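Below is one structure, written out as structure tokens, with a few remarks after it.
Rule-based calculations on the coordinates, nothing more; no lab input. Remember, it's a predicted structure, so these values are computed and weren't measured experimentally. Cβ placement follows ideal geometry from the backbone for every residue including glycine, while neighbour counts extend to all protein chains displayed.
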Amino acid sequence: MNNRTILITGATSGFGEACARKFAAAGVYDIIITGRRKDRLEKLAQDLEKAGPKPIKVLALTFDVQDKKAVFSAIETIPQEWRNISLLINNAGLALGRDFFDDASLDDWETMLDTNVKGLLYVSKAVLPLMIPTGNGHIINIGSIAGKEVYEKGNVYCASKFAVDAISKSMRIDLLRHKIKVTAIHPGAADTEFSNVRFKGNDQAAKSVYEGYQPLKAEDIADTVYYSATLPPHVCLNEIVMTCTAQANSNTFFKG
Ligand code: NDP
Ligand code: 8X3
């Protein structure tokens, strides 16, 4: 049997990298990894090829999901043997800043919307013509608990993840006729490079987000993605909100 082909956005770090490692370890998936940092992708590709019980194929594609032309050009020119993509993990995303609405930066807002919302739309639209003919498509969108409940100074990051929630629900309806499963996974606080990016290299601010409790790890999300992707064909997990045990909702943590 041929391996199933999957495409993961944002595979250079955090959840995306953990997903790539999880699927590679199974040895039955050929994996397309994407992100902007080419050096990381190339290093990861080498690791993945020999990570499982038998060698798998790995294709690294470097593009910025905000760049519509680059997204379509990268995906439309994927070599023939990679075109049967049946699982898409829309994971690339970021938060920038944590400021009151009136203090926040317009540039940060635009980058978050362009990446988390428009980037996800571009990649999905580009991949769907390849996925539909496989007859067993599955799109897994990484949202956030921030897309379920807003929190102070979360404003446009929360809005971008509310959009991912709405897009996931819409996709599930509109892609039903193609038998494509759509799963949205909404994690709470997880210790990745996410906060270093959000606080723009202020490591102390980033570290303080995870102090006093045990946050989720990237591998927890990868395990959940993998579980969702390996259910029987007639079962679709529509959405999952997952937090560490110390987090009850967007705003409530037990630290101590
Ligand atoms: P990381 O910062 O560790 O990883 C983010 C990934 O997204 C990187 O691989 C990065 O790759 C990629 N990315 C960011 N911007 C772009 C872009 N413009 N084009 C292409 N790739 C891009 O964060 P996480 O792994 O934590 O985050 C993954 C997803 O999970 C995001 O959507 C985030 O919003 C969401 N999330 C995170 C939570 C957390 O607490 N960590 C909780 C809930 C959801 P590169 O820089 O190489 O392009
Ligand atoms: C990331 C989790 O709570 O920082 O989406 O928004 S949170």
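A few comments on the model shown:
- Lone unmet requirement of (1) buried (at least 20 other Cβ atoms within 10 Å of the Cβ); (2) in a helix (DSSP H, G or I) for residue 141: (2)
- Residue that is nearest to ligand 1 (Cβ to nearest atom) [pool: residues in the range 147-200 that are of a type in the set (Asp, Glu) and closer than 22 Å to residue 222 by Cα]: 193
- Extreme residue, nearest to ligand 2 (Cβ to nearest atom), among residues of the range 155-188 that are surrounded by 21 or more Cβ atoms within 10 Å (Cβ to Cβ) and not in a helix (DSSP H, G or I): 187
- Within the range 97-138, tally of residues that are away from ligand 1 (no atom under 14 Å from the Cβ) and surrounded by fewer than 17 Cβ atoms within 10 Å (Cβ to Cβ): 13
- Within the range 238-256, tally of residues that are surrounded by 17 or more Cβ atoms within 10 Å (Cβ to Cβ) and not hydrophobic (A, V, I, L, M, F, W, C): 4
- Strands (runs of 3 or more DSSP E) wholly inside the range 1-73 that include at least 3 residues being touching a residue at least 60 places away in the same chain (Cβ under 8 Å): 4-8
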